[in-house]
Amino acid sequence: MKRNIRTARGAVVNPANHFESTRLEDELEQLSEEELSSAPHQVSTQFLTDESRTIICQNDSPDIPFRYSMNPYRGCEHGCAYCYARPGHENLGMNAGLDFETKILVKFHAADLLRHELNQPSWRGDLLAISGVTDCYQPAERRFRITRGLLEVAAEAHQVIGIVTKNVLLLRDQNLLAAMAQKNLVHVFLSVTTLEQELSRQLEPRTAAPAAKLRAISELGAAGVPVGVMVAPIIPGLNDHEIPAILEACRDAGALSAHYLLLRLPLAVQPVFLEWLQAYRPLARAKVESLIRQTRQGQLNDSQFGRRHVGQGNYAKGLANMFRTFSTRYGLNNKLPPLDRTQFRPPRTASGQMHLF
């Protein structure tokens, strides 16, 4: 594993793909200091066509609150150093470092696929989560509008939708979201990791700034869209002290509900995150790593259902108690208003045919 000298992305390393026996590496050691300092600090994003033939995915994980989801993109240009979805790129023959951030697969026919699948006799209008894996409002959405197309089909079908995002780009679809909210068809959660601008830029470099996320919560709430907040991930020793301030700020902005997730470091996410710590928070690395282990029985990760999102041990219990105390104090310990899946009706078919019944 070689340290990557580019600094405009979240990953500072390209971890080896554990599915492949060989890999290519840049031998940067032979470069002089002058050559290293003049090396490019940016790498452009490549957009590749995703040839998936379905859009709705199904999961049976007992600790995930939805069964069905859809992802317009694979890979994410947000570049969050902690993203648990990074190992998914290894299945594509790429790496979980820069490849995950710079080689984005786009499902150009996602809306057509959704229209087809919502017309299947077996579909009954169950909740569809958008962004179960990567962010549906990542920068690529500004150009390709794939998520917008999915929402238009969902609105036509009165299909209930849940959205989780770190990007205020969703405000571009505010009119559509507001119309769906009037019929109890949509929930939106903004993921707020930190209120500190510098930490946000380093940890999740291409997401929206913290102040912009709070503004989005306010604008969506004013438009009648039910908005919750995900304080995610909570990273012991790095942003856990911000829990009270984040909850208060989100309450003031108009959020109605709040949840949290503890940092997860599966597979290739571990080297990406640890190298990020070494690069940006070297003095805090030992403390952060120690506290993570305290929540994971001495390990850096725990994939066990029911434990992976909250951890265990005294430190994890303390985080849970803190979150519960302040979410209650700020009135965020409630669920969002219920969605109404009884309104579902299959959309027009690709040929434009309406349904008689």
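Rule-based calculations on the coordinates, nothing more; no lab input. Everything numeric here is computed off the predicted structure, so don't read it as measured data. Quick reminder, even Gly has a Cβ in these numbers, built from the backbone with ideal geometry, and neighbours come from all protein chains shown.
Holding the Cα-Cα limit at 30 Å, pick out from LYS103/LYS183; LYS107/LYS166; LYS213/LYS317; LYS287/LYS335; LYS107/LYS317; LYS103/LYS166 the pairs that are longer than that.
Table pairs above 30 Å Cα-Cα are LYS103/LYS183; LYS287/LYS335; LYS107/LYS317.
If the rule is a partner Cβ under 4.7 Å, which cysteines in the chain fail it?
By the Cβ distance rule, which asks for a partner under 4.7 Å, the isolated cysteines are CYS57, CYS76, CYS136, CYS250.
Taking the Cα atoms only, what angle lies between the long axis of helix 210-222 and the longest principal axis of the chain, rounded to 10 degrees?
10
To one decimal place, what Kirkwood hydrodynamic radius in Å is obtained for region 56-161 from all pairs of distinct Cα atoms?
For region 56-161, inverting the mean 1/r across all distinct Cα pairs yields 14.5 Å.
Kindly put ARG341, ARG124 in sequence by how many other C-beta atoms sit within 10 Å of each C-beta, fewest to most.
On the way: ARG341 16, ARG124 8.
With the fewest neighbours first, ARG341, ARG124 line up as ARG124, ARG341.
Expressed as an acute angle from 0 to 90° and rounded to the nearest 10, what is the orientation of the C-alpha long axis of helix 269-280 relative to the principal long axis of the chain?
Approximately 60 degrees, to the nearest 10.
Quick one: if you stick a label point 7 Å off each Cα along the C-beta vector at THR49 and GLN299, how many nm between them?
4.1
Over the chain, what is the relative contact order in percent, taking alpha-carbon pairs closer than 8 angstrom and at least six residues apart?
RCO, the chain: 18 percent.
Is the chain rounded, prolate or oblate when judged by the Cα gyration tensor, a ≥ b ≥ c being the square roots of its eigenvalues, rounded requiring a/c under 1.5 and prolate requiring a/b larger than b/c?
oblate
Give me the dipole magnitude in Debye, nearest 20, for region 48-335 about the Cα centre, with unit charges on the beta carbon: positive for Lys and Arg, negative for Asp and Glu.
Once rounded to the nearest 20, the dipole reads 380 debye.
Among HIS259, HIS241, which comes first, then next, by fewest other beta-carbon atoms within 10 Å? Write down the numbers at each step before the final one.
Working: HIS259 17, HIS241 10.
Exposure proxy ranking, most exposed first: HIS241, HIS259.
Shape of region 178-251 from its Cα gyration tensor (a ≥ b ≥ c, root eigenvalues): rounded if a/c is under 1.5, otherwise prolate when a/b > b/c, or oblate?
prolate
Determine, from the Cβ-Cβ distance of ASP340 and ASN91 and an R0 of 35 Å, the FRET efficiency 1/(1 + (r/R0)^6), rounded to the nearest 0.05.
Calculated transfer efficiency: 0.45.
Show that you can apply the helix-only estimate: for the chain, add -39,500 (n - 2.57) for every DSSP H stretch of four or more residues, divide by all residues, and state [θ] at 222 nm to the nearest 500.
-9000 deg cm²/dmol
Quick one: length gained pulling ASN314 to LEU261 fully straight, 0.36 nm per residue minus the C-alpha distance?
Working it through step by step, the gained length comes to 17.4 nm.
Report, to the nearest 10°, how far helix 285-294 tilts away from the longest principal axis of the Cα atoms in the chain, using its own Cα long axis and a range of 0 to 90°.
The answer is roughly 50 degrees.
For an R0 of 51 angstrom, estimate the FRET efficiency from the Cβ-Cβ distance between TRP123 and ALA286 and round to the nearest 0.05.
Once the sixth-power term is evaluated, E becomes 0.50.
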